[in-house]
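Structure record follows, encoded as structure tokens.
No value in this document is a laboratory result; all are computed from the given coordinates. This is a predicted model, so every value here is computed, not measured. Reconstructed Cβ throughout: ideal geometry from the backbone, glycine too, with neighbour counts over all protein chains shown.
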Amino acid sequence: MKIQWTNGAVSEFIEGLGYIAAISPNSAAKMEAKILKYIDILGKQPLLGRIYEDVPEYRTLVVHKRYRIFYHIENLGNEDVVMIDAFWHTSRDKWTP
């Protein structure tokens with residue numbers, strides 16, 4: 001299944017990696033590779049994440065010990081797409097779709 005990121009999720013991802021890269025570029029590169037590996041798996045197994053609270057349209061998946069993604073499956077014309085809505089640090093307040 002195809003993967004798409006919202007602009008907000010892309011910005012959050014870049015910001016998170018940038019913060020880590022300022023401290024340790026090597027750690028940021030390893031984290032990026034690990035997260036993108038999870039995203040690739042998600043394209044093959046889109047129901048991998050658990051349903052987010054009481055909102056069955058949205059799912060969440062921990063992709064790093066301090067980061068999770070929120071996503072939903074959307075039909076765009078003739079194909080289903082995994083839409084990544086947020087890249088979220090676990091210390092932040094609760095995510096709202």
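Sparsely packed loop sites in the chain (the GluC sites (Glu not before Pro) outside DSSP H, G, I, E and B with at most 14 other Cβ atoms within 10 Å) comprise Glu53. The Cα trace of the chain gives Rg and Dmax of 13.4, 44 Å, the first to one decimal, the second as a whole number.
Taking only DSSP H segments of four or more residues, each worth -39500 (n - 2.57), what value at 222 nm results for the chain once the sum is divided by all its residues, to the nearest 500 deg cm²/dmol? It would help to have the intermediate numbers written out before the result.
Numbers: 2 runs with 37 residues, N = 97.
Taken over the chain, the calculation gives -13000 deg cm²/dmol.
Of the trypsin sites (Lys or Arg not before Pro) found in segment 1-80, those in coil by DSSP whose Cβ has at most 12 other Cβ atoms within 10 Å are Lys65.
Across the chain, the relative contact order, built from alpha-carbon pairs under 8 Å that are at least six residues apart, equals 32 percent.
With +1 on the Cβ of every Lys and Arg and -1 on the Cβ of every Asp and Glu, and nothing else charged, how large is the dipole of segment 2-89 about its Cα centre, in debye rounded to the nearest 20? Please list the in-between numbers first.
Working: 10 positive and 11 negative charges, 111 e Å.
Once rounded to the nearest 20, the dipole reads 540 debye.
Taking the chain as the reference, fit the longest principal axis to its C-alpha atoms, fit the long axis of helix 7-23 to the helix C-alpha atoms, and give the angle between the two in degrees, 0 to 90, nearest 10. With rounding to tens, the tilt is 20 degrees. Stokes-Einstein diffusion for segment 1-47 at 25 °C, viscosity 0.890 mPa s, with a Kirkwood radius from C-alpha pairs, works out to 213 µm²/s.
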